[in-house]
Amino acid sequence: MGIAPTPIISDTSARGQEDGPIPLTAPTLHEQEWRYLKECLETGWVSSVGPFVDRFEQMVAGRLGAAYGVATVNGTAALHIALLVAGVQPDEIVLVSSLSFIAPANAIRYVGAWPLFIDAERRYWQMDPQRAQDVLERACRWRRGALYHTRTGRRVRAILPVHLLGHPCDMEPLLAQARKYGLVVIEDAAESLGARYQDQMVGHLGDLGCLSFNGNKTVTAGGGGMILTDQAAWAERARYLTTQAKDDPIESSHHEVGYNYRLSNLHAALGCAQVERLDESLAAKRQIARRYAQALASTPGLTVPSEAPWAFSAWWMTTVLVNEAVSGMDSRALHRRLQTLGIETRPLWQPLHRSPAHRRGVSMDCPVAEDLARKALCLPSSVGLTDSQQARVIEALQRMRP
Ligand SMILES: *Cc1c(COP(=O)(O)O)cnc(C)c1O
């Protein structure tokens, strides 16, 4: 199938000139986005309530097979509320992937809890279930029906696996551990909408799933997020907390300190139009990943990512590993080199156990995350990336010389 549907908008940022700059992940927008946004303006539904919000929630939840979807202003807010809804208390511990964008660790701190960073496995770069099990079994103790981290004395309450770069975590062993110790599982599926784990939708494997619709994600709402769950009471509580914990539609009375985290109808309208094209966007992402893999598999100094046999990756952003010993250039030098050619790439995030912002979290050794973060380079992977743009990126990578 064709890689990029022709955008009807005259020029989206993903495109531009064929020899112009190639962005990392830019949104591809179509006529339907205009149509829905116009509908908002014409009907006056532009703010935090409106028909597109409901529709967006139903579309996304329906797509994932979740009973409820609660839209939020962004993915970080979705994580924050999911942690509250799950009952994570101040000073408790949440296991989270070390190799990740910082949002989930920040959200853990918003509720006063502490992240305990779990290393990545080397094959697919996701949270290593064996490392999680080691921590739960060896560094924790079961006491009066709850699990406590031995060294800090803090209760372990939840596991927050981050499905990185579109590829799912190996959920089965993580879910088994969670069941064994009574932990809540909150999936950060922000980068992996549309991915499947053993034929089940990512984001609907744990107790709560969180999505992001930021501008760089596969589906964008301009900004936005969503909490997914099958539990009516949790969905209701998420809705309550995201709308200032308002108790009555007429009387402004509040039993709790809530948040103004609801998504606007304008954003939801954009999101609806984008979700309608999810299958095409996924096909484009997967084709981009396949092309990179085929073209770069035998390029010395580069390692292309692979898809687990139990996975259907959404390939949000194709990321390669740069082996300096072979290529003569590390990932940062290659990043700068490509920049001079108008090709935008980006290293992965600083592993969170190394982040000064989270130095007070429960630290573990995460050598794999560190190694991957040192070597990884994310390649242009916009849904609208054209064949000739991708050919330019591939050629530049094949020709790299120190
Ligand atoms: C994008 C992202 C989020 C949420 O980001 P927002 O910008 O708040 O929508 C959360 N976790 C991960 C792993 C992400 O990549």
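Read-outs: derived from the displayed coordinates by stated rules, not from any lab. A quick note: this is a predicted structure, and the numbers were derived from the prediction, not measured. Reconstructed Cβ throughout: ideal geometry from the backbone, glycine too, with neighbour counts over all protein chains shown.
Quick notes on this one:
- Hey, Val85 in contact (Cβ under 8 Å) with a residue 12 or more places away in the chain, under 14 Å from the mean Cα position of the chain (by Cα) and under 15 Å from Cys210 (Cβ atoms) or not: no
- The range 388-401 - residue that is over 26 Å from the mean Cα position of the chain (by Cα) and either of a type in the set (D, E, K, R) or within 12 Å of Leu338 (Cα to Cα) (or both) and, of those, surrounded by the fewest Cβ atoms within 10 Å (Cβ to Cβ): Arg401
- Filter result (over 27 Å from Val219 (Cβ atoms) and either surrounded by fewer than 18 Cβ atoms within 10 Å (Cβ to Cβ) or not charged (D, E, K, R) (or both)) within the range 370-387: Asp371, Arg374
- For the range 366-385, filtering for residues that are closer than 14 Å to Ala26 by Cα and in contact with a strand residue (DSSP E or B) (Cβ under 9 Å, 6 or more places away or on another chain) leaves 6.
- Residue in the range 263-278 that is among the acidic types (Asp, Glu) and out of contact with any Gly (no Cβ under 9 Å at 6 or more places or on another chain) present: yes
- On inspection, Tyr124 qualifies as of a type in the set (Phe, Trp, Tyr) and either within 21 Å of His353 (Cβ to Cβ) or within 21 Å of the chain's Cα centre (by Cα) (or both).
- Top-ranked residue of the range 115-164 - restricted to ones that are among the polar types (S, T, N, Q) and under 12 Å from Ile93 (Cα atoms), ranked as farthest from the ligand (Cβ to nearest atom): Thr150
- Within the range 78-172, strands (runs of 3 or more DSSP E) holding 2 or more residues that are buried (at least 24 other Cβ atoms within 10 Å of the Cβ): 93-97, 114-118, 156-160
- Look at the range 347-358: where a residue is free of Cβ contacts under 8 Å to residues at least 40 places away in the same chain and a partner is assigned to a helix (DSSP H, G or I), sitting 6+ places away or on another chain with Cβ atoms under 6 Å, you get Pro347/Ser331.
- Contact map, the range 92-108: first residue farther than 23 Å from Met317 by Cα, second residue of a type in the set (D, E, K, R), Cβ cut-off under 7 Å, separation 6 or more or different chains; pairs are Glu92/Arg154; Glu92/Arg155; Glu92/Arg157; Ile93/Arg154; Ile93/Arg155; Ile93/Arg157; Val94/Arg157.
- Residue match in the range 204-213 (condition: assigned to a loop (DSSP other than H, G, I, E, B), aromatic (Phe, Trp, Tyr) and either more than 16 Å from the ligand (Cβ to nearest atom) or buried (at least 24 other Cβ atoms within 10 Å of the Cβ) (or both)): yes
- Qualifying residue in the range 175-193 (condition: hydroxyl-bearing (Ser, Thr, Tyr) and either within 16 Å of the ligand (Cβ to nearest atom) or surrounded by 24 or more Cβ atoms within 10 Å (Cβ to Cβ) (or both)): yes
- Residues being over 16 Å from Leu302 (Cα atoms) and not in a helix (DSSP H, G or I) - total across the range 373-402: 6
- Condition broken by Val46, with the remaining ones in (1) away from the ligand (no atom under 16 Å from the Cβ); (2) in contact with a Lys or Arg (Cβ under 7 Å, 6 or more places away or on another chain) satisfied: (2)
- Selection within the range 54-71: residues that are under 22 Å from Arg277 (Cβ atoms) and not in a helix (DSSP H, G or I). The member of this set that is farthest from the ligand (Cβ to nearest atom) is Gly65.
- When residues of the range 221-234 are limited to those that are within 11 Å of the ligand (Cβ to nearest atom) and surrounded by fewer than 24 Cβ atoms within 10 Å (Cβ to Cβ), the one farthest from the chain's Cα centre (by Cα): Gly222
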